[in-house]
Structures are given as C-alpha cells and as structure tokens.
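Reviewing the structure listed below.
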Amino acid sequence: MSADDRHVYPLNDLQEHITDGPGCPCNPRIDLVGATLVYIHNSFDHREIAEEAIRILNGEEGESDG
C-alpha cells in the first residue's frame, strides 16, 4: 500500500472498515486513478441496495457508478 492510496467507505456502518490495505471483509472494489489505488468499500448494512432501488424507482437506472 502506498501513502497516496485512498479509501472511500460508508460512515456509521455496522462495523469498522479496514483502511490500511485491501484486507477489509467488505470486499472493496479497487480502482486505479493515475498512480493512486482507490478502495471503494461496500457497506456492511447493505445500504447500497436501497440506494439502487431508489434510483430505479426514480428512473435513473443507467446512472449507477458502481
């Protein structure tokens, strides 16, 4: 892990996320942005499922970024 690596993770989740490498049990997606690894963490409370359902109900199906 580089000092420039970044972690994006949900706040107020059911448990803490591991943000010192790829070893978080939420199985984060890892994107390469320039020379920086960006870890996109999944929520333990699965809130992204509700967020996606709201997008679909609002007719925004193609606008998901994950």
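Under 5 Å between amide H atoms, partner at least 5 residues away or on a different chain: which partners does Ser43 have, H built in plane at 1.01 Å?
Hits under the 5 Å cutoff: Glu48.
Looking at the stretch 1-64, which GluC sites (Glu not before Pro) are in a loop (DSSP not H, G, I, E or B) and have at most 14 other Cβ atoms within 10 Å?
Taking the stretch 1-64 and a limit of 14 other Cβ atoms within 10 Å, the loop GluC sites (Glu not before Pro) found are Glu16, Glu60.
Measure nothing fancy, just the Cα-based angle from helix 47-57's long axis to the longest principal axis of the chain, in degrees from 0 to 90, nearest 10.
Around 40 degrees separate the two axes.
In the neighborhood of Pro10, defined by Cβ-to-Cβ distances under 10 Å, what is the net charge if each Lys or Arg adds +1 and each Asp or Glu adds -1?
Value of the local net charge: -2.
Across every pair of different alpha-carbon atoms, what Kirkwood hydrodynamic radius in Å does the chain reach?
13.1
Every number in this text was worked out from the coordinates using simple rules, so none of it is lab data. Here the structure is a predicted model, which is why all the values come from computation and not from measurement. Cβ sites come from the backbone with ideal geometry, for glycine too, and all protein chains shown count toward neighbours.
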